[in-house]
Amino acid sequence: MRVVGFVGPSGTGKSYRALWVAKERNIDYIIDDGLLIYQNRIIAGKSAKKEPTKVGSIKTALFTDPDHRNQVIEALKKHNPDAILILGTSDGMVERIAEILGLGTVSEKVYIEDVASELEIKQALNTRIHQGKHVIPVPTVELKKDFAGYFLDPLQIFKRKAKGHFQNMGEKSVVRPPFSYNGKYTVSDYAIYQIVNHIITGMEEMDKISRFRINKDNDGVIIDMDVIMVYGYNLVDAIKRAQKMIQAGLERFAALNIREICITAKGLVMKKSEP
C-alpha cells in the first residue's frame, strides 16, 4: 500500500484541502481525525471532533481505543486500498498513525505550505481561533447520524483550473466541536414542540396537535404525534407534506437528525379553529 502523509499544524486547512490533495495523487482513501473515508463516504471509525475535550480528541485521532482501532483495521483489510492519505499535525503523528494501523512506511509527505499560500493558512487559522470551526472532508448527509444536534454547514470546494473556470472538488462539512467553545448547548423538547406546532397550525389541512411525544438517542430523534385535521382535504397527502416540512424545519432550526416522524390523524373538524 502506498502511504502518503499530509502534514500541517492544527487549523491550517488540511481537511479543507484533503480531497484535492488525494485526487491529485490518485488516492481514494483518507484517514482524518479518527475516520476512514472513501470517496466522500465514512466507512469506519469515529470523529475526534465529537470528543468533549481536546485531549480526548487527540486520543481518538491516534486510535488509542482498541475497539475504534480494530474497527478501522478490519475495514482496511476488507477494502484493501492501493493507496491512502493520512492527515496529521506533524511528521511523527502521521508515522504513528501508519504504525498503529499496520499500514507500513509513509513513502511521501505533502505539507500544507505546498498546497496553500501563507495568506490562506493565516485565514484558516483565524477562522479556527475566532470561530472554532472545523472541516470534515465528507458531505453533511454523511454526518447527520453521528452529529445529531451539532450545527453542520455544507461547504462546496472548487479548484481554479484556468481563468474563469473552476473544478468542483466535492462537498465538505463545517462543524463546531464541543472542545472548540466554552460550554454546551441543548435544544429542549418544548422548543422542538414549538417548531412543530408552528408548522402544523400553519397548514390549512391541520387544526392542532392533540398529543406530542419525542424520543432522543445517539442516532437522532423520533417524533410521535396525534393531530386533529380539517375535513375536506386529502388526509394522506397532508400528513406526508407535514412530515417533510417538520423534518426540514427541525434540521434547519435545531440541527437535529430526524429518524422518524409518526403522525396519526385522531379526529376531524369541519372548520379550522381560530388562532
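The values are calculated or read from the model by the stated rules, or taken from the named source; none is laboratory data. Since we're looking at a predicted model, the values are computed, not measured. All Cβ positions, even for glycine, are placed from backbone atoms using ideal geometry, and neighbour counts span all protein chains on display. What goes into the accessible areas is simple: the full protein's heavy atoms, side chains included, and nothing from ligands, DNA or RNA. Shrake-Rupley method; radii C 1.70, N 1.55, O 1.52, S 1.80 Å.
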Return the long-range amide H neighbours of Asp207 (sequence gap of 5 or more, or a different chain), with a cut-off of under 5 Å between placed amide H atoms.
-> Ile228, Met229, Val230
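Just how large is the dipole of segment 1-141 about the Cα centre, in debye to the nearest 20, putting +1 at every Lys and Arg Cβ and -1 at every Asp and Glu Cβ? Before the final figure, lay out each step's value.
Working: 19 positive and 17 negative charges, 84 e Å.
That gives segment 1-141 a dipole magnitude of about 400 debye.
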Can you give the relative contact order of segment 1-141 as a percent, counting alpha carbon pairs under 8 Å and 6+ residues apart?
-> 41 percent
Arrange the residues Arg213, Arg25 by how much accessible surface each exposes, largest first, with a 1.4 angstrom probe.
-> Arg213, Arg25
With every protein chain kept in place and a 1.4 Å probe, the residues His79, His68, His198 fall, from largest accessible area down, as His198, His79, His68
For segment 1-141, the percent of accessible surface on carbon and sulfur atoms (probe 1.4 angstrom, ligands and nucleic acids excluded) is 48 percent
Residues with amide H under 5 Å of Asn257's amide H, sequence separation 5 or more or different chain, H placed in the peptide plane at 1.01 Å from N; which?
-> Gly149, Val221
Please give the per residue accessible area of segment 1-121, computed with a probe of 1.4 Å over protein heavy atoms only, in Å².
-> 47 Å²
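Please grab the % of Cα pairs in segment 1-141 that end up more than 23 Å from each other.
The share of Cα pairs beyond 23 Å in segment 1-141 comes to 28 percent.
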Quick one: Cα centre-to-centre distance for segment 202-272 and segment 31-49, in angstrom?
-> 34 Å
Return the subset of Lys46/Lys240; Lys23/Lys109; Lys46/Lys109 for which the Cα-Cα distance in this structure is over 26 Å, preserving the input order.
-> Lys46/Lys240
